[in-house]
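Just below is one structure, and these are the notes that go with it.
The values are calculated or read from the model by the stated rules, or taken from the named source; none is laboratory data. It should be emphasised that the depicted structure is a prediction, and the values quoted were computed from it without experimental measurement. Glycine gets a Cβ as well: all are built from the backbone with ideal geometry, and neighbour counts include every protein chain shown. Heads up: the accessible areas ignore ligands, DNA and RNA and are worked out on the full protein's heavy atoms, side chains in. Shrake-Rupley method; radii C 1.70, N 1.55, O 1.52, S 1.80 Å.
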Amino acid sequence: MSNNNPNNQCDCMILNLWSCVNYGASLTCYGVQCLMESLGLTSKVINYVPKIGLVYKGSFAENFAKKYLNLTAPVQSYNDFLSLNNSCNIFITGSDQVWNPDITRVHSSGVHENIYLLDFVKTKNKKIACAASFGLDDLFNTSIQNKVYIEIFDFYVNQFDAISVREDDGVKILEDTFGIESTQLVDGAFHIPKEKLEEMTKNYIKTEKYIGCFTLPYFQSKKWYKDAVEKISQKLNLPVKNYNFAQTKSVEEWLGFIKNADFVVTDSYHAVVFSIIFNIPFVQIVNAKTQSRFMSLFRLLNIENNSIQEQQVSNFDINTVVRKFDWDNINNIISYEINKAKSWMSEVINRQKEAKTQDLDFINYFVSKTLIDRNNLHKKIKYLSNKNKIKRKYYKYKILSAITFGQLRAKYTIKKNHYHNIVRYIRQETKV
């Protein structure tokens, strides 16, 4: 497939995690697109849909993209990415966790994780990071695999023309680990104009008062979490309403759920972001792996830490958790941060590009091809050495998807399709 497509022509292209069937990812991408529009630039979102566990086809992410995102022609291979260099001269990665290796490793099927470091962008074009996030407070306190990523990251991040990150921890990582200066900017979701959010939620009118809970099923099954929610419910004298994630529930419905709540309980970063945007008081349930994202946001907006975790449930102060927020001050800071992001982006886009040796284009291509070949070899070894086990799983989920109904059938169908694709791959590779 070639993307030398006149329909791809634009001022800038955006690459992030918009297709991963996540409400926040869809809205963050849209927000970056809105930011570019506010600067008078035409933008396109790179239409790359990696193959991951959640099925994109028919999901709310696909419906949202069709309705709101300006997409390029489909991009499926590294050569497709390379051909985008002919359609514009500014490439943006971000917002959200585009620099979290644990996430990008999963969201890079068909290519490799370095695409989120814009390794495919040629030296003649600009590379900009817009509120990119590591999602981690310390890259070294992770897996050995991530330590290898650090060396590759160092090579590519130094090729960027301008870097902004979402968390103050990100600023520190770049400075302490790589000796690179960066600017902290708010998440892309903050750039969606209020009138557009009003239009998106116009069909979801508030008809009842409730505490809106949006958390991972993991938390919903824990007694301590239930106890915490019960305490909040008793304090506010309000019923609890859970929003259970489903691939077919629209982004607009999710936004309406947050907007119409009287109080929000969530472990989701973007549920916190939209609670803040809609001025809905909230409490964040701590997920230890990614807590730095929340703390950075609270520090930026001068929000007193409003998080609770398992160890606190027996003795946390309900009057501290359920309290009045200084929304005037928070909204003023948000307005300042939005204008700061616009000024920063305008300046780096209009700045004279620093010349770089074109030898980098060959080196980047060589490194990328090596990684693609390595990944393909690892995949082939893994699948072929487990082919009998994979076939058994395929037939298992094929039967289960045929004899179950509702959400259970949908769950088993996803697994069946996943293993069916692997079985087809095995048959192709073992064909004589």
Checklist outcome for this item: Once amide hydrogens are built 1.01 Å from N within the peptide plane, the residues lying 5 or more places from Ile180 or on another chain with amide H under 5 Å from its amide H are Glu175
Next on the checklist: Could you tell me the calculated FRET efficiency between Ser109 and Phe316, based on Cβ-Cβ distance and R0 = 30 angstrom, to the nearest 0.05?
Outcome noted: 0.10
Next on the checklist: At a 10 angstrom cut-off on C-beta neighbours, averaged per residue, how do the peptides 158-168, 128-138 rank from highest to lowest?
Outcome noted: 128-138, 158-168
Checklist entry - In whole angstrom, how far apart do the alpha carbon centroids of the stretch 1-72 and the stretch 237-267 sit? => result 24
Checklist entry - Using modelled backbone amide H atoms (1.01 Å from N, in-plane), which distant-in-sequence or interchain residues come within less than 5 Å of Val45's amide H? => result Ile14, Asn70, Leu71, Thr72
Checklist entry - Under a point spin-label approximation (7 Å from Cα along Cα-to-Cβ), what is the Asp262-Lys396 distance to one decimal in nm? => result 4.7
Item to check | Nonlocal amide H pairs with Ile90, under 5 Å, H built at 1.01 Å | outcome: Met13, Lys126
Checklist entry - Length gain on complete extension for the stretch Gln428 to Gln358, per 0.36 nm per residue less the alpha carbon to alpha carbon distance? => result 21.3 nm
Next on the checklist: In Å², and per residue, what accessible area does the stretch 27-177 have when probed at 1.4 Å with the other protein chains present?
Outcome noted: 34
Checklist entry - Which log10 I(q)/I(0) values, to two decimals, does the chain give at q = 0.14 Å⁻¹ under the Debye formula with one point per Cα? => result -1.43
Next on the checklist: Test of the criteria: in the stretch 1-89, which trypsin sites (Lys or Arg not before Pro) are in a DSSP loop and have at most 11 other Cβ atoms within 10 angstrom of their Cβ?
Outcome noted: Lys57
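Multiply the residue separation of Lys124 and Lys389 by 0.36 nm, subtract the distance between their alpha-carbon atoms, and state the gained length in nm to one decimal. Spell out each step's value before the answer.
Values: separation 265, 0.36 × 265 = 95.40 nm, distance 4.81 nm.
So the extension gain works out to 90.6 nm.
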Checklist entry - Considering only protein heavy atoms, what per residue accessible area in square angstrom results for the stretch 197-260 with a 1.4 angstrom probe? => result 55
Item to check | Percent carbon-and-sulfur accessible area, the chain, ignoring ligands, DNA and RNA, probe 1.4 Å | outcome: 50
Item to check | Estimated FRET transfer efficiency (Asn7, Lys202; beta-carbon r; R0 30 Å; 0.05) | outcome: 0.50
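How would you classify the stretch 1-74 from its alpha-carbon gyration tensor, with a ≥ b ≥ c the square roots of the eigenvalues: rounded for a/c under 1.5, else prolate if a/b is greater than b/c, otherwise oblate?
Here the stretch 1-74 falls in the oblate category.
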Item to check | Considering only the chain, percent of DSSP beta bridges that pair antiparallel, nearest 5 | outcome: 0
Next on the checklist: I'd like the Karplus ³J(HN,Hα) series for the stretch 254-263: coefficients 6.51, -1.76, 1.60, θ = phi - 60°, whole numbers in Hz, and an x wherever there's a Gly or Pro.
Outcome noted: 4, 4, x, 4, 5, 4, 8, 6, 8, 7
Checklist entry - How much length is gained if the chain between Lys231 and Asp328 is pulled fully straight, taking 0.36 nm per residue apart and subtracting their Cα-Cα distance, in nm to one decimal? => result 32.2 nm
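Return the loop-located chymotrypsin sites (Phe, Trp or Tyr not before Pro) in the stretch 292-353 (DSSP other than H, G, I, E, B) with at most 12 other Cβ atoms within 10 Å of their own Cβ; answer none if there are none.
Sites meeting the loop and neighbour criteria: none at all.
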Checklist entry - So what J values fall out for the stretch 401-414 if you push phi through Karplus, 6.51 cos²θ - 1.76 cosθ + 1.60 with θ = phi - 60°, rounded to Hz, Gly and Pro as x? => result 5, 8, 10, 10, 9, x, 5, 5, 4, 4, 4, 5, 5, 4
Checklist entry - Given the pairs Lys127/Lys172; Lys223/Lys391; Lys127/Lys340; Lys241/Lys398, which are separated by over 30 angstrom at their Cα positions? => result Lys223/Lys391; Lys241/Lys398
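For the stretch 97-139, what does the alpha-carbon gyration tensor say about shape, rounded, prolate or oblate, given a ≥ b ≥ c as the root eigenvalues, a/c under 1.5 as rounded, and a/b over b/c as prolate?
oblate
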Next on the checklist: I need the semi-axes of the equivalent ellipsoid of the stretch 244-363: take the C-alpha gyration tensor, multiply each eigenvalue by 5, square-root it, list largest first in whole angstrom.
Outcome noted: 35, 19, 17
